[in-house]
Amino acid sequence: MSIDIRTLRDDTPACAELIHFNNAGAALAPRSVTDAILTHLADEQRLGGYEAASRAEARINNFYDAFAKLLACEASEIAYAENATHAWNSLFNAIPFTAGDIVLTGQSEYASNFLALLHMAKRQGIEIQVIPNDSAGVIDLERLEAAINPRVKLIALTHTPSQSGVIHPAARVGFMARAHNILYLLDACQSAGQIDLNVNELGCDMLTGTGRKYLRGPRGTGFLYMRRSSMAKLEPAWIDLHSANWSSANTYEFRDDARRFENWECFVAGKIGLGVAIDYALQIGMPAIETRVGELGATLRETLGAIAGVQVHEHGKQLSGIVTFSKQGVSAATLQEGLRAKGINSSVARLASNQLDLAKRGLGDINRASVHYYNTDEEIARFCQMVAQF
Ligand SMILES: Cc1ncc(COP(=O)(O)O)c(C=O)c1O
């Protein structure tokens, strides 16, 4: 399906008020998503929380069906999580690590994931090996292959980083992981909703993401995918009456699906809203979204790169809608605040949150502008005009 930008912008009221280039932070939700959330909250107020949930059963279950379509998997392989970090930690902590196990990860791994690796190294004595990026800024596949040995228990990769517009070759990593029978955990937090994802092509055992970014769902929502055939290799580190059945006084069994990683209590309205957001994306079509976001990202990079004193930080063939750059003589925070004052939302990728990647590339805090399909060439022109004026 082709994208009707005018209709999509009409569905997104804030498009009339501001230029939102902070979609990698939190995208603007379509009206239908906000309406679904508000409707459920009103039902909770009117009927009671449990009663509203029982009436909304089909809308709640739509969450699983929608994700199954988005990722090309079974609904039983999907679980709700309160955010991407929790989803990632639920899976990571379910891997039975022992001292000496190796985890291979990338230079652009997300900060909280890397902290979890450090914490596991402290608690269980695992060894972390960071595979550097190659000259194109993506994980060096030769170095990755060379690092594989029988002690490697996990490959953990961030598909599209928070601090750079590159798209790592996640499917090629998946191919290697499968060939060597190594668990593969893919952080798709920035790619879900802007890139057409198929877990079978990606070859991942586990995949995690958040609702509020390119999926255009509400804050405080996230999800995980767990391949059914990998379930036996994982044991949830925490448990409740929803993830497990308390079968007799001293026995219990975990659920037989990905929901063994869920908590019973959750943001029900948000879960419904995220399901609606996925339906919305699927209706537009993920291939069309991926093409549009990629084109807008390329236009933004080209236009920014032509401004005197502006350096664009990512180069290469496969880039996302996340664009990072710096303006000579202007701190990243000053530029972000200045743009905000003009009604333009953008963000800053901070060195303190990207100790591996930005430090290795000799960068400090850098500006980040992240476009979605509802952004336009006119907005890019205005954004660049404003950047040029600083
Ligand atoms: C690549 C990546 N992974 C994980 C996260 C964490 O997501 P959440 O804040 O939903 O836990 C982020 C958030 O910016 C991210 O960019």
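The values are calculated or read from the model by the stated rules, or taken from the named source; none is laboratory data. Keep in mind that what you see is a predicted model, and the values were worked out from it rather than measured. Every residue, glycine among them, receives a Cβ derived from its backbone with ideal geometry; neighbour counts consider all protein chains shown.
At-a-glance table
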quantity	calculated
Verdict on MET231 being free of Cβ contacts under 8 Å to residues at least 40 places away in the same chain and under 30 Å from GLU145 (Cα atoms)	yes
Failed item, numbered, when ASN61 is tested on (1) in contact (Cβ under 8 Å) with a residue 60 or more places away in the chain; (2) within 17 Å of TRP264 (Cα to Cα)	(1)
Subset of region 79-101 (residues that are away from the ligand (no atom under 16 Å from the Cβ) and either outside the structural domain of ARG228 (by TED's automatic domain parsing) or touching a helix residue (DSSP H, G or I) at 6+ places or on another chain (Cβ under 9 Å) (or both))	ALA94, ILE95, PRO96, PHE97, THR98, ALA99, ASP101
When residues of region 134-144 are limited to those that are modelled with pLDDT of 95 or more and crowded, with 19+ Cβ neighbours inside 10 Å, the one farthest from the chain's Cα centre (by Cα)	LEU144
Matching entry among ALA99, ALA72 (being touching a residue at least 60 places away in the same chain (Cβ under 8 Å), among the aliphatic types (A, V, I, L, M) and surrounded by fewer than 21 Cβ atoms within 10 Å (Cβ to Cβ))	ALA72
Any pair with Cβ under 9 angstrom, 6 or more apart, that starts in region 317-334 at a residue that is outside the structural domain of ASP196 (by TED's automatic domain parsing) and closer than 11 Å to PHE390 by Cα and ends at one that is of a type in the set (A, V, I, L, M) and in a loop (DSSP other than H, G, I, E, B)	LYS327/ILE307; GLN328/ALA308
Conditions (1) at positive phi; (2) modelled with pLDDT of 95 or more; number of the one not met by ARG350	(1)
Hey, ARG31 charged (D, E, K, R) and out of contact with any helix residue (DSSP H, G or I) (no Cβ under 9 Å at 6 or more places or on another chain) or not	no
Any strands (runs of 3 or more DSSP E) falling wholly within region 318-390 and containing at least 3 residues that are not polar (S, T, N, Q)	322-327, 366-370
Selection from region 261-308 of residues that are charged (D, E, K, R), part of a loop (DSSP other than H, G, I, E, B) and either closer than 30 Å to GLN385 by Cα or in contact with a Phe, Trp or Tyr (Cβ under 7 Å, 6 or more places away or on another chain) (or both)	GLU262
Residue selected from region 102-123 under the condition outside any loop (DSSP other than H, G, I, E, B) and within 13 Å of the ligand (Cβ to nearest atom), by the criterion nearest to ALA177 (Cα to Cα)	THR105
Filtered residues of region 291-337 (kept if of a type in the set (A, V, I, L, M) and within 22 Å of LEU215 (Cα to Cα))	VAL293, LEU296, ALA298, LEU300, LEU319, ILE322, VAL323
Region 31-68, residues that are assigned to a helix (DSSP H, G or I), surrounded by 19 or more Cβ atoms within 10 Å (Cβ to Cβ) and among the small types (Gly, Ala, Ser)	ALA36, ALA52, ALA53, ALA66
Residue satisfying all of: in region 145-196; touching a Leu at 6+ places or on another chain (Cβ under 6 Å), surrounded by 20 or more Cβ atoms within 10 Å (Cβ to Cβ) and small (Gly, Ala, Ser); nearest to HIS372 (Cα to Cα) among these	GLY193
Matching residues, region 203-227, being free of Cβ contacts under 8 Å to residues at least 40 places away in the same chain and hydrophobic (A, V, I, L, M, F, W, C)	CYS204
Those strands (runs of 3 or more DSSP E) lying entirely in region 127-244 with at least 1 residues hydrophobic (A, V, I, L, M, F, W, C) and more than 16 Å from the ligand (Cβ to nearest atom)	127-131, 152-158, 183-187, 222-226
Any pair with Cβ under 7 angstrom, 6 or more apart, that starts in region 14-28 at a residue that is within 17 Å of ASP377 (Cβ to Cβ) and in the same structural domain as SER346 (by TED's automatic domain parsing) and ends at one that is small (Gly, Ala, Ser) and within 16 Å of the ligand (Cβ to nearest atom)	PHE21/SER346; PHE21/ALA369; PHE21/SER370; ASN23/GLY321; ASN23/SER370
Which numbered condition GLN311 misses (of (1) outside any strand (DSSP E or B); (2) surrounded by fewer than 21 Cβ atoms within 10 Å (Cβ to Cβ))	(1)
When residues of region 245-265 are limited to those that are in contact with a strand residue (DSSP E or B) (Cβ under 6 Å, 6 or more places away or on another chain) and within 18 Å of HIS86 (Cβ to Cβ), the one surrounded by the most Cβ atoms within 10 Å (Cβ to Cβ)	ALA258
